[in-house]
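**Student:** A single structure is presented below for examination.
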Amino acid sequence: CAYTRGHPLRIWDAEFDGATQQTNATLKAAAGAGLSLYVTDILCSAAGIVDVSLLNGSGGAIKWKGRFGLATGGFAAANFKSPIKLTANTLLALTTSAAVGVSLTVCGFTAE
């Protein structure tokens with residue numbers, strides 16, 4: 001798959017580390033008019049069983065969902081050959097299913 005872009009990649013990462021349940025929490029602010037956030041990698045560890053969802057805007061469609069139930073110190077990773085694209089000028093939101101200790105890093109880039 002070929003990607004064409006009119007400007008260099010703007011690489012970013014966003015992190016969440018907490019034990020309270022999240023609902024539509026902003027993980028990464030919108031990129032601006034005409035620009036989209038693309039998710040390339042996700043790293044997560046959890047102290048108990050929890051569903052983690054990444055949303056296309058606060059209260060928007062689920063773009064990715066994973067269930068985690070790893071022992072403290074363990075982690076899971078997802079790497080996408082085709083990045084997950086959010087709608088232009090839309091923030092990346094986070095929802096978790098329980099008040100469980102979660103450490104989450106989401107990496108990506110901003111482009112048209």
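The values are calculated or read from the model by the stated rules, or taken from the named source; none is laboratory data. Being a predicted model, the structure only gives us computed values, none of them experimental. Using ideal geometry, Cβ is built from the backbone for each residue, glycine included, and neighbour counts are taken over all protein chains shown. Accessible surface is based on the protein model in full, side chains and every heavy atom, while ligands, DNA and RNA are left aside. Shrake-Rupley method; radii C 1.70, N 1.55, O 1.52, S 1.80 Å.
**Student:** Which residues, counting only those in region 84-102, are outside any loop (DSSP other than H, G, I, E, B) and either of a type in the set (V, I, T) or buried (at least 18 other Cβ atoms within 10 Å of the Cβ) (or both)?
**Tutor:** The answer is I84, L92, A93, L94, T95, T96, V102.
**Student:** Could you say whether any residue in region 26-42 is without any contact (Cβ under 8 Å) to a residue 60 or more places away in the chain, β-branched (V, I, T) and either open to solvent by less than 30 Å² (accessible area, probe 1.4 Å) or assigned to a strand (DSSP E or B) (or both)?
**Tutor:** no
**Student:** If we keep just the residues of region 66-83 that are at pLDDT 90 or above and surrounded by 14 or more Cβ atoms within 10 Å (Cβ to Cβ), which is farthest from T96 (Cα to Cα)?
**Tutor:** The residue in question is P83.
**Student:** To continue, here is another question. Can you name the condition, by its number, that A111 falls short on among (1) modelled with pLDDT under 95; (2) surrounded by fewer than 19 Cβ atoms within 10 Å (Cβ to Cβ)?
**Tutor:** (2)
**Student:** Here's something else I'd like to know. Within region 43-65, which residues are closer than 17 Å to L104 by Cα and open to solvent by 60 Å² or more (accessible area, probe 1.4 Å)?
**Tutor:** Across region 43-65, the qualifying residues are L43, A47, I49, I62, K63, K65.
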